[in-house]
Amino acid sequence: MRAKAVLSRTLIFALVIAILLAVGLGWLATEVIEGDTMRFDLDARNTIHAHATPALTTAMIVVSVIGEAYVMFPLTVVIVAAFWHLGHKYRAALFAIAMSGALAIDVPLKLAFRRERPNASFYYPLPRSYSFPSGHALFSVVFFGTLAALISPGLHAKWKKAILWAAAAFMAAVIGFSRVYLGVHYPTDVIAGYAAALVWVLAVAIGNHVRRHRAQSTPLADARGSVTEPRP
């Protein structure tokens, strides 16, 4: 009973956070459409570019490449295949669903808002897609966040889990920052990408917890041993 209460509180908390993020994303989109964020976007871009150096520019180009679709999706295939090969078929499916959902969210949002991209800096090639939200920010959060969530339960030491989650957060943050630094996104594009990604990741997490709870509370499923996946 106590475990069920904790689970219920966790789900409610995650649902509230997801709703707040969705509302925040809607508000931000409205502000962007009305042009009210442009001053913030330009001030932030100018501040970042004022601290640009050749070495930092090279590092940001490398980091940005990690978030490209031609890198992210092959890595997704490798990770899904690895989970499947190790016998974690449910985790493989969950990761595939998370990344597929990210793509299904990113494209419609870009087409819905059709925000033109800013002028790129450092002669970096400007992508042909629309700017809002940042796909790099969205995919990096979904990719590294979901991967950390699936690996974390297998780590017993708290410091290992802390390092894993810190690494995931760092990668998502630096990839998003690189897009602003290189001038191919406004800061609000990246913020929107993060918000959309977190809403989707929380939705996947809530669905996963509900599925696990139902499976574990079904006597027939327990008797047949169908609940075999380690807790993700």
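The values are calculated or read from the model by the stated rules, or taken from the named source; none is laboratory data. All figures in this text were calculated on a predicted structure; none of them were measured in a lab. Quick reminder, even Gly has a Cβ in these numbers, built from the backbone with ideal geometry, and neighbours come from all protein chains shown. The protein model used for the area step is the full one, side chains on, heavy atoms only, and it has no ligands, DNA or RNA in it. Shrake-Rupley method; radii C 1.70, N 1.55, O 1.52, S 1.80 Å.
The largest-to-smallest principal axis extents of the Cα set in region 83-184 are 47, 27, 20 Å. Placing unit charges on the Cβ atoms of the charged side chains and taking the dipole of the chain about its Cα centre, the candidate lying farthest along the positive direction among Ala149, Ile48, Val77 is Ala149. Please determine, in degrees from 0 to 90 and to the nearest 10, the orientation of helix 38-49 with respect to the longest principal axis defined by the Cα atoms of the chain, where the helix direction is its Cα long axis. Helix 38-49 and the main axis of the chain meet at about 90 degrees.
If the chain linking Leu11 and Ala162 were pulled fully straight, counting 0.36 nm for each residue of separation and taking away their Cα-Cα distance, it would gain 52.2 nm.
Given a 1.4 Å probe and the protein chains as shown, Met60 ends up with an accessible area of around 10 Å². I need the calculated FRET efficiency for the pair Val71 and Leu126, taking r as the beta carbon distance and R₀ as 25 Å, to the nearest 0.05. FRET efficiency, Val71 to Leu126: 0.85. At a probe radius of 1.4 angstrom, the accessible area of the chain per residue rounds to 56 square angstrom. Pairing the Cα long axis of helix 89-113 with the longest principal axis of the chain, what angle in degrees results, from 0 to 90 and rounded to the nearest 10? Once rounded, one gets 30 degrees.
Compactness ratio of region 1-135: Cα Rg over 2.2 N^0.38 Å, N = residue count? Spell out each step's value before the answer.
On the way: Rg = 19.5 Å, N = 135, 2.2 N^0.38 = 14.2 Å.
With N residues counted in region 1-135, Rg over 2.2 N^0.38 Å equals 1.38.
What is the gain in length, in nm to one decimal, between Asn119 and Arg211 on full extension, counting 0.36 nm per residue of separation less the C-alpha to C-alpha distance?
Working: separation 92, 0.36 × 92 = 33.12 nm, distance 4.56 nm.
Full extension from Asn119 to Arg211 adds 28.6 nm.
Of the options (1) 1.02; (2) 1.04; (3) 1.08, only one is Rg/Rh (Cα atoms, Kirkwood Rh) as computed from these coordinates, and that is (1). Of the whole protein surface, Ser129 contributes about 50 Å² of accessible area at a 1.4 Å probe radius.
So how do Arg179, Arg128, Arg117, Arg39 rank on accessible area, 1.4 Å probe, biggest first, that is with the largest at the start?
Working: Arg179 5, Arg128 245, Arg117 35, Arg39 190 Å².
Sorted by accessible area, descending: Arg128, Arg39, Arg117, Arg179.
With both labels modelled 7 Å from their Cα along Cα-to-Cβ, the Ala44 to Val23 distance reads 2.1 nm. Pairing the Cα long axis of helix 2-34 with the longest principal axis of the chain, what angle in degrees results, from 0 to 90 and rounded to the nearest 10? Helix 2-34 sits roughly 20 degrees off the main axis of the chain.
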